[in-house]
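Report on the following structure.
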2 protein chains.
Amino acid sequence: MTAARDLQLDTACPDTRALVEHVTSKWGVLVLLALRDRTMRWSELKREIAGVSEKMLIQSLQTLEADGLVLRTARPVVPPHVDYSLTDAGHEAVDLLAPLVFWAQQQVQG
Amino acid sequence: MTAARDLQLDTACPDTRALVEHVTSKWGVLVLLALRDRTMRWSELKREIAGVSEKMLIQSLQTLEADGLVLRTARPVVPPHVDYSLTDAGHEAVDLLAPLVFWAQQQVQG
């Protein structure tokens, strides 16, 4: 029961809860997966994640950036060029997250 | 990008979203972890998951039972004896979930 008790402390922690919620959120999942293989520009992300609104994409990216999972790199050029990529922590997150989402998909379809 | 596109379809599916939300919810996580090692009675679960209200524990168990992750077994005795255990799918879920929650804990503490 040690693991459960440890995690009890853990999920009682608002910061841990928030991080789990961010990476498992609808658009959070998709952003992390989209950036798994490569860096993307805003317009690429918007195209890749069909159905996302500008507002939700901005919000998701800002949240994941604040969590230290996504890196935003603005190049000082005209017109603006902004790249989004995963940090090491972001890669860790998506590697743990993807199997859970695939499992849920299989459960629902099965 | 195939994986991301597949999951895009996936997380657009309300059933998949709901299942991910249930297993990553605050009390859902704790119920799954508590039942990982063994079957428990209601009173044991209530004691194991410190801080949970009766209402939230009932709700979480009903949700996870409806998802096919938790099995509720009522023995026809007096006084009532109800056991809760994980189904095979429940074990799959917790095995995928635990590493993600531990990771989040480490991130927050790190």
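The values are calculated or read from the model by the stated rules, or taken from the named source; none is laboratory data. These numbers were taken from a predicted model, which means no experiment stands behind them. Using ideal geometry, Cβ is built from the backbone for each residue, glycine included, and neighbour counts are taken over all protein chains shown. Side chains are part of the model used for accessible areas, which takes the heavy atoms of the whole protein and leaves out ligands, DNA and RNA. Shrake-Rupley method; radii C 1.70, N 1.55, O 1.52, S 1.80 Å.
Can you list the helices (runs of 4 or more DSSP H) found entirely within chain A that contain at least 1 residues being modelled with pLDDT of 90 or more and under 25 Å from B:Trp27 (Cβ atoms)?
On the way: elements: A:2-11, A:14-24, A:26-34, A:42-48, A:54-66, A:88-109.
Output list reads A:14-24, A:26-34, A:54-66, A:88-109.
Can you find a residue in segment A:73-94 that is closer than 30 Å to B:Asp95 by Cβ and in contact with a Pro (Cβ under 9 Å, 6 or more places away or on another chain)?
No; the residues of segment A:73-94 include none that is closer than 30 Å to B:Asp95 by Cβ and in contact with a Pro (Cβ under 9 Å, 6 or more places away or on another chain).
So A:Ala104 clears everything in (1) more than 16 Å from the chain's Cα centre (by Cα); (2) within 23 Å of B:Arg17 (Cβ to Cβ); (3) more than 10 Å from chain B (Cβ to nearest Cβ) except one condition, right? Which one?
Failing condition for A:Ala104: (3).
What tally of residues in segment B:36-55 results from selecting those that are surrounded by fewer than 17 Cβ atoms within 10 Å (Cβ to Cβ) and farther than 19 Å from B:Ala98 by Cα?
Count: 9.
For segment B:23-35, how many residues are open to solvent by 10 Å² or more (accessible area, probe 1.4 Å) and more than 7 Å from chain A (Cβ to nearest Cβ)?
Looking only at that region, the number is 2.
Check B:Glu65, B:Glu92 and return the single one that is open to solvent by 30 Å² or more (accessible area, probe 1.4 Å) and in contact with a strand residue (DSSP E or B) (Cβ under 8 Å, 6 or more places away or on another chain). Walk me through how you get there before you give the answer.
Details: B:Glu92 fails: in contact with a strand residue (DSSP E or B) (Cβ under 8 Å, 6 or more places away or on another chain).
Answer to the check: B:Glu65.
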